[in-house]
Amino acid sequence: MALLQISEPGQAPDPHQHRLAAGIDLGTTNSLVATVRSGASEVIEDERGRALLPSVVRYCPDGTVAVGADALAQASTDPTNTVVSVKRLMGRGINDVQIDRAAYGLVDAPGMVRLRTRAGDKSPVEVSADILRTLRQRAEAALGGELNGVVITVPAYFDDAQRQATRDAGRLAGLEVLRLLNEPTAAALAYGLDNAAEGIYAVYDLGGGTFDVSILRLTKGVFEVVATGGDSALGGDDFDRRIVEWALRETGSSGANVEPGDWHESGDWRALLIEARRAKEVLSREPMTTFSVQLSGATRVRLPLTAERFEELTADLLARTINATRQALRDARLRVDEVKGVVLVGGSTRMPQVRRAVAGFFGKEPLSGIDPDQVVALGAATQANLLAGNRSAGDDWLLLDVIPLSLGIETMGGLVERIVYRNAAIPVSRAQEFTTFKDGQTALALHVVQGERDLVEDCRSLARFELRGIPKMGAGAARIRVTFQVDADGLLSVTAAELSSGVAASVAVKPSYGLSDEEIGAMLQSAHDSAGTDAQARALREQQVEAERLLEATNAALAEDGALLGADERTRIDQLLVKLAQARGGADAQAIRQAISTLSIGTEGFAARRMDRAVARALAGHGINEIGS
């Protein structure tokens, strides 16, 4: 296939100069950085030979910041100043976070929740930047120079706010972020290039904080994401919590400082989670382990835990991932037997029950040729190398990703007009024309929403802006073109322009924070379950809007030309107006439609006389020769 020159706008790479680039997997539990050397992607290790960097940041008493294993070692002794799993807070507001689950104090702040530490209140963006800065330093030390750019991976189900927060964290860390790349896509990229794979592949990505599943079609160097799904509030952390909850039930939490109101102050809670993670990892290799942790005071929790019992405790969590996988296949209109291979991503897929469940669902063993902890970073490094302008022989491939949820605007009656549909390949630009609702309307308020439901109240509000300066025209005469542009990072901008005058307004959609933990996963299920009622609601709203339009137009005509009607005609029309107004206030779409039709028929004679008068006025004072010319 023909080679495509892929580079960022304004960047003209020198074909003779190798530019330093890296791919970063910013994970909930662990993070890592990779680069391309001698044509192959490889993970960059630290000075001790460790590839994984624990995604833990501690703000120390001496004013320094510890990141990684050193911070993790103090997680239970200094919990209020040691931040773990910060990825789950990216782009989130205080109402989106389970405060009783936080191991540190949370502060309600405009735009995004903040974490109270001895170094001051820190946003998740600042904490993530500390992790990214450490990875940048590791990469630059290994490569011997400054990075020209990076690709940072994000869960496929990250919404616009979470993606923007991730990009901001990269900039704060001093990185040139070339692209935000969906994690499952990065994994498929690593497998596809290494193994020259073709066909339909599923990527099952169970990380520490999120679950994603993507269905991809790989054909002659084209990586096309055809459907994506998942659960932004499900990950390995939830498996850890099930072990902690089981241990507390077994012991009655005697002596443990883990009451919900005290969790943000509790080293006990953090110690329990750390031991739960260790037990989970052991049970991935052994049939049994001992859950043992020293709590505050002299209390010690010590319990035997078998792999079988652990699987029972987490069976519903695993079932949620399989249900999301099944839905993604439905969205892609594919059968299970059409999937050629399954790629496992994320450290949580090391659990034997996960591998068995995936193999059982797809009827084939998942691929395991690349370390699931490293595969995302390796794919991101490949993309970063290409975007930086380093093209090697055989780099004739194209990556097509998708957006997870539909985007649209609110129209009259609180209806959603979808403009970019979910699973549309990105980058994408879609436009649609709208018009004004009232005579002489000079401004238009636009409300951008995200979701699959037909009513605005059932979708997520993203942004609002106004288009002003529209020339005064009759209702329906203005032509307003609304354009949605989603870039390669999945970030949205919206432009509205009135075509006759050229006046325009635009907004870069940066919502103050992202979807709540349940919202993004529940949106699709809600849309599916509510399809019938949504259709009825849409039909009712459409008829109500049409009734309002006809009522306003008829009343305006009566005010201007009511003298054309006799007394009896005026009475009949007034009665029809009352009936339509009454029908519009009800919930029967058919009754409204009938009332609209009756009024339209009842005013045909009046409309004809108005037209005759308008023509007569236009011709008044003109001779036949003037009209002919």
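The values are calculated or read from the model by the stated rules, or taken from the named source; none is laboratory data. Here the structure is a predicted model, which means the values were calculated and not measured. Note that each Cβ is placed from the backbone with ideal geometry, even for glycine, and that neighbours are counted across all protein chains shown. These accessible areas exclude ligands, DNA and RNA; they are computed on the full protein's heavy atoms, side chains included. Shrake-Rupley method; radii C 1.70, N 1.55, O 1.52, S 1.80 Å.
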Any hit, segment 288-295, residues being of a type in the set (Phe, Trp, Tyr) and in contact with a Pro (Cβ under 8 Å, 6 or more places away or on another chain): yes
Residue, surrounded by the fewest Cβ atoms within 10 Å (Cβ to Cβ), within segment 478-499, restricted to residues that are part of a loop (DSSP other than H, G, I, E, B) and at pLDDT 80 or above: Leu499
Residue ID - nearest to Val127 (Cα to Cα), chosen from residues in segment 38-65 that are in contact (Cβ under 8 Å) with a residue 40 or more places away in the chain and in a strand (DSSP E or B): Val57
Search result, residues across segment 320-335 that are touching a residue at least 12 places away in the same chain (Cβ under 8 Å) and either part of a loop (DSSP other than H, G, I, E, B) or more than 14 Å from Ala227 (Cα to Cα) (or both): Arg320, Thr321, Ile322, Ala332, Leu334
Strands (runs of 3 or more DSSP E) within segment 107-161 that include 1 or more residues within 16 Å of Ile44 (Cα to Cα), under 27 Å from the mean Cα position of the chain (by Cα) and touching a residue at least 12 places away in the same chain (Cβ under 8 Å): 149-154
Of residues in segment 164-182 being open to solvent by less than 10 Å² (accessible area, probe 1.4 Å) and in a helix (DSSP H, G or I), the one farthest from Gly39 (Cα to Cα): Ala165
Enumeration of residues in segment 319-372 that are over 21 Å from Glu198 (Cα atoms) and either open to solvent by 50 Å² or more (accessible area, probe 1.4 Å) or within 21 Å of the chain's Cα centre (by Cα) (or both): Arg320, Thr321, Ile322, Asn323, Ala324, Arg326, Gln327, Gly346, Arg350, Arg355, Arg356, Gly360
Selection status of Glu410, open to solvent by 50 Å² or more (accessible area, probe 1.4 Å), in contact with a helix residue (DSSP H, G or I) (Cβ under 9 Å, 6 or more places away or on another chain) and modelled with pLDDT of 75 or more: yes
Count of segment 206-218 residues which are touching a Gly at 6+ places or on another chain (Cβ under 7 Å), assigned to a strand (DSSP E or B) and either open to solvent by 10 Å² or more (accessible area, probe 1.4 Å) or more than 18 Å from Val354 (Cβ to Cβ) (or both): 1
Residues that are among the aliphatic types (A, V, I, L, M), in a strand (DSSP E or B) and under 18 Å from the mean Cα position of the chain (by Cα), drawn from segment 454-477: Leu462, Ala463
Residues satisfying the stated conditions in segment 432-453, i.e. of a type outside the set (Lys, Arg), at pLDDT below 80 and under 19 Å from the mean Cα position of the chain (by Cα): Gln450, Gly451, Glu452
Condition met for Val375 (in contact with a helix residue (DSSP H, G or I) (Cβ under 6 Å, 6 or more places away or on another chain), among the hydrophobic types (A, V, I, L, M, F, W, C) and closer than 27 Å to Val177 by Cβ): yes
Residue among Ala66, Ala51, Ala34, Ala40 that alone is of a type in the set (A, V, I, L, M) and at pLDDT below 90: Ala40
